[in-house]
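Encoded as structure tokens, the structure appears first; notes follow it.
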């Protein structure tokens with residue numbers, strides 16, 4: 001177990017500009033956490049700090065396991081625009097397993113299972129880069145699925161997809177959740193936050209303004225910024 | 001004008017006759033330059049890719065140096081290799097001077113920076129797209145670099161072709177370390193230089209034509225491979 005994840009006075013600045021103000025937070029397993037906030041609020045940066053793609057300017061990201069290798073292996077991230085290698089869909093998943101140190105004999109079987117899970121088994125031998133946007137995103141999820149991560153970070157995974165592709169992606173995310181993977185997802189889609197999240201972390205200009213169970217957040221946000229954000233996104237409510 | 005036409009006629013009949021001397025020279029040229037491209041590529045791609053994805057002190061200076069070495073004068077390379085391989089030189093005992101292997105060594109040194117510098121640029125551009133994804137998967141350093149090299153291999157063909165072009169076209173290095181010995185180290189460019197000064201224009205011109213045709217053919221082949229791959233892999 002690498003969870004819980006503790007962020008201790010975590011801060012990030014770039015070019016003299018504060019992107020994430022000192023932030024202390026603990027993320028346990030179980031509840032799916034949705035990071036909400038306007039564009040530029042720092043959602044993506046916060047996730048990259050947690051995932052280890054960015055080094056904090058100050059403060060710490062501490063997992064409960066001290067072994068860096070295990071910590072790396074137990075997390076996966078799906079980006080807004082997946083980057084696929086110029087090889088088959090199956091080979092893309094196999095590559096991830098190879099990097100993760102899975103024995104060669106197991107890789108293909110596990111990769112096929114993962115493709116089946118996301119409904120791409122029929123396209124296993126297709127070059128990954130010629131798949132549609134929705135299919136590529138499902139392939140990115142398959143690549144994560146094959147690794148059986150304890151934590152899955154998702155950065156606006158459906159932001160550039162149409163509604164039907166979005167539904168398919170959300171179904172896979174739910175399957176991750178049902179399988180016991182901790183979901184940490186950034187989105188600015190409120191409906192999606194409601195469908196997939198258990199709790200909301202609301203960021204406003206790099207500051208964590210509130211952390212509330214998802215239902216409470218939409219009914220009765222405790223901060224004025226969140227209330228304004230909800231109103232701005234859903235003016236008809 | 002008349003002499004050009006005459007030389008051209010002579011050249012074409014020489015090519016058509018399948019002259020054995022001509023064929024031998026063409027074949028040796030290809031062997032030397034393709035071997036040099038092979039070895040240079042083998043070394044230059046990992047080198048260029050490593051410089052692209054790693055950060056270390058002096059990296060910028062190294063990139064500038066590598067880019068500058070693309071303009072390495074062939075005669076200088078020839079001279080240095082000559083000094084290394086000459087009887088009194090540190091590698092003299094190998095007895096390589098005035099042999100085709102010496103020419104391969106010189107051309108390898110000449111084109112290695114070209115392929116490495118172009119590869120460095122291509123991988124660095126691709127790295128912008130791949131970095132987060134690869135690091136997220138746990139691929140870092142050389143591992144990530146080689147993944148990208150393999151992924152953009154068809155784009156890197158252009159870098160390899162630039163190296164090949166340079167190797168086929170240069171005279172300075174091979175003439176110094178090869179010595180332009182008839183039947184042993186005489187290649188297309190050295191023969192053209194020699195025959196022109198001797199006045200045998202048909203042979204020089206026919207070699208010139210063959211040289212250009214070969215380079216064209218290799219480039220066309222590479223282009224179609226790249227096209228087909230792009231259609232297939234996206």
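Coordinate-derived values only; no laboratory data. Every value quoted in this text rests on a predicted model; they were computed, and no experiment measured them. Here the Cβ positions follow ideal geometry from the backbone for every residue, glycine too, while neighbour counts run over all protein chains shown.
The packing ranking of peptides A:139-148, A:216-225, highest mean first, is A:139-148, A:216-225, where packing means the average number of other beta carbon atoms within 10 angstrom of each residue.
The mean number of Cβ atoms from other chains found within 10 Å of a Cβ in peptide A:90-99 is 2, as a whole number.
Model label sites at residue B:8 and residue A:13, defined 7 Å from Cα along the beta-carbon direction, differ in position by 7.2 nm. Which FRET efficiency, nearest 0.05, do residue A:227 and residue A:175 yield, Cβ-Cβ r, R0 30 Å? FRET efficiency, residue A:227 to residue A:175: 0.35. What is the list of residues in the range B:20-34 whose amide nitrogen lies under 20 Å from a point 7 angstrom out from the Cα of residue B:182, following Cα to Cβ? Backbone N within reach: B:20-29. For a paramagnetic label modelled on residue A:62 (point 7 Å from Cα along Cα→Cβ), amide N atoms under 15 Å away belong, within the range A:6-21, to A:6-11.
GNM remark for chain B: springs join alpha carbons under 10 Å apart, and the peak mean-square fluctuation among B:224, B:38, B:98 falls on B:224. With a 10 Å cut-off around each Cβ of A:121-128, the average count of Cβ atoms from other chains is 1. Full extension of the chain between residue A:87 and residue A:216 yields a length gain of 41.9 nm, computed as 0.36 nm times the residue separation minus the alpha carbon distance.
Working from Cα pairs under 8 Å separated by at least six residues, relative contact order for chain B is 32 percent. In the elastic network of chain B, a GNM with C-alpha springs shorter than 10 Å, the most mobile of B:36, B:16, B:49 is B:16.
Ordering of A:2-9, B:163-170, B:194-201, B:125-132 by packing is B:163-170, A:2-9, B:125-132, B:194-201, highest average first (other Cβ atoms within 10 Å, averaged per residue). For chain B, the longest principal axis of the alpha carbon atoms and the long axis of helix B:59-69 meet at an angle near 10°. Residues considered: A:200, A:93, A:71. Largest GNM mean-square fluctuation over chain A, using C-alpha springs under 10 Å, is found at A:71. Would you please give the FRET efficiency between residue B:150 and residue B:23, computed as 1/(1 + (r/R0)^6) with r the Cβ-Cβ distance and R0 = 41 Å, to the nearest 0.05? Efficiency, rounded to the nearest 0.05: 0.65. For chain A, the relative contact order comes to 27 percent (Cα pairs under 8 Å, sequence separation of at least 6).
Provide the percentage of antiparallel DSSP beta bridges, counting only those with both residues in the protein assembly as shown; round to the nearest 5. If I count the DSSP bridges inside the protein assembly as shown, around 55 percent turn out antiparallel.
In terms of the Cα gyration tensor, with a ≥ b ≥ c the square roots of its eigenvalues, is chain B rounded because a/c is under 1.5, prolate because a/b exceeds b/c, or oblate? Cα axes put chain B in the oblate bin.
The value given for the range A:83-148 is a Kirkwood hydrodynamic radius of 11.2 Å, derived from the mean inverse Cα-Cα separation. Mean sequence separation of contacting Cα pairs (under 8 Å, at least six apart), scaled by the length of the range A:83-148, corresponds to a relative contact order of 47 percent. With a ≥ b ≥ c taken as the square roots of the eigenvalues of the C-alpha gyration tensor of the protein assembly as shown, please select rounded if a/c is under 1.5 and otherwise prolate if a/b is larger than b/c or oblate if it is not? Prolate, because a/c is 1.5 or more and a/b exceeds b/c.
Evaluate E = 1/(1 + (r/R0)^6) for residue B:209 and residue B:125, where r is the Cβ-Cβ distance and R0 equals 56 Å; express this FRET efficiency to the nearest 0.05. After rounding to 0.05, the efficiency reads 0.90.
In chain B, the longest principal axis of the Cα atoms and the axis of helix B:20-53 are about 20 degrees apart. With respect to chain A, whose longest principal axis is taken over its alpha-carbon atoms, helix A:104-117 is tilted by about 60°.
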